[in-house]
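The values are calculated or read from the model by the stated rules, or taken from the named source; none is laboratory data. Keep in mind that this is a model prediction, so the values were computed, not measured. Cβ sites come from the backbone with ideal geometry, for glycine too, and all protein chains shown count toward neighbours.
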C-alpha cells in the first residue's frame, strides 16, 4: 500500500483532534510557566541579587507571555 | 603646600560585587536575604561551582541543535511522511519545542542560582531551592555552630577546586551544608575563624 493512502491527517476529525491536543498541551505549558514565574517572585523575596533578580523575573515573565501568545496564535491558525 | 584633595580611606576595597554567575564572594555587596537585619553584614557568599551546570548546558545545546540538524540535512522520517503534517502545525510544534527547551534551561539555571549559603556576622543562612516548587531556608546562629567540615574527593572536584562544606550545629538544629562550592577549604576556614575553631577535612 503506498504511504500517501496512509495519511492520517486527511480527515477533518483527525485534524480537529490534533488541534485540540496541541491546545491542551499549550494550556498545560502556560500553567507551568505561570508556576515558574510565581516561584521566581517568591525566591526573589527570599534572596535578592540586585541585577540578576530583575533579569530572571523578566525572563520568566517573557516566557509566560510567549506561551500565551503561542496559544492564541495556535487557536487562530490551526 | 596644602593638599588640595585627600582621597578618603578606601574602606570598600575588600568588598566584591556579586554578579549573576558569582559562586564565591568574600564581603559581597549587592545581595540581601529575607529577615536580614539592617546592621547585619554578609561576610561570605557561596553557590555551587559553575562547572556543575555542565550536564544541563550540554543537554540544552543538543536539544537546540536537533531541529536544526533535521532541517539542514533534510531528513525525512517515515513517520512524518505518513502523517503529512500541514505547515502550520509544524511551525507551532517547533516554537513550542524551543519554548520547552528554554524552560528546561531556565529551571535548571534558577535551581542553581537560588541555592546559596550565606555567612553573616551573626548567623549562617542556607537557602535551598529544588524541583521548581520546593524551597527551604535554614538559619543558625554562629554561636550554635559546633563544627565545620569540608570534603573534596575525586579528580573533577580537585581539578576545579570545589567540594562540600558542612556546618554542624548543636542540639536539634538542622545541620547546614554547601554542596559543590568552590574553594571548600577556604570557605570552611572562614566559617571556623568566625566561631573561633579550626576547620578540618571530614
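For residue A:33, the criteria (1) at the interface with another protein chain (Cβ under 7 Å from one of its Cβ atoms); (2) modelled with pLDDT under 95 hold in every case but one, which is (2). Considering B:102, B:113, B:139, the condition of being within 14 Å of chain A (Cβ to nearest Cβ), over 30 Å from residue B:35 (Cα atoms) and surrounded by 15 or more Cβ atoms within 10 Å (Cβ to Cβ) is satisfied by B:102 alone.
The residues of region B:150-164 that are out of contact with any helix residue (DSSP H, G or I) (no Cβ under 7 Å at 6 or more places or on another chain) and buried (at least 18 other Cβ atoms within 10 Å of the Cβ) amount to a single one, B:157.
Do the conditions hold for residue B:62, that is, is it under 15 Å from the mean Cα position of the chain (by Cα), at pLDDT 90 or above and either more than 9 Å from chain A (Cβ to nearest Cβ) or not in a helix (DSSP H, G or I) (or both)? Against the criterion (under 15 Å from the mean Cα position of the chain (by Cα), at pLDDT 90 or above and either more than 9 Å from chain A (Cβ to nearest Cβ) or not in a helix (DSSP H, G or I) (or both)), residue B:62 does not qualify. Taking region A:61-72 as the range and being within 7 Å of chain B (Cβ to nearest Cβ) and without any contact (Cβ under 8 Å) to a residue 40 or more places away in the chain as the test, the residues that pass are A:63, A:66. Scan region A:36-53 and tell me whether some residue there is more than 9 Å from chain B (Cβ to nearest Cβ) and more than 29 Å from residue B:37 (Cβ to Cβ). Among the residues of region A:36-53, at least one is more than 9 Å from chain B (Cβ to nearest Cβ) and more than 29 Å from residue B:37 (Cβ to Cβ), which makes the answer yes. Given the options B:32, B:22, name the one that is under 25 Å from residue B:184 (Cα atoms), at pLDDT below 95 and assigned to a loop (DSSP other than H, G, I, E, B). Matching residue, one of B:32, B:22: B:22.
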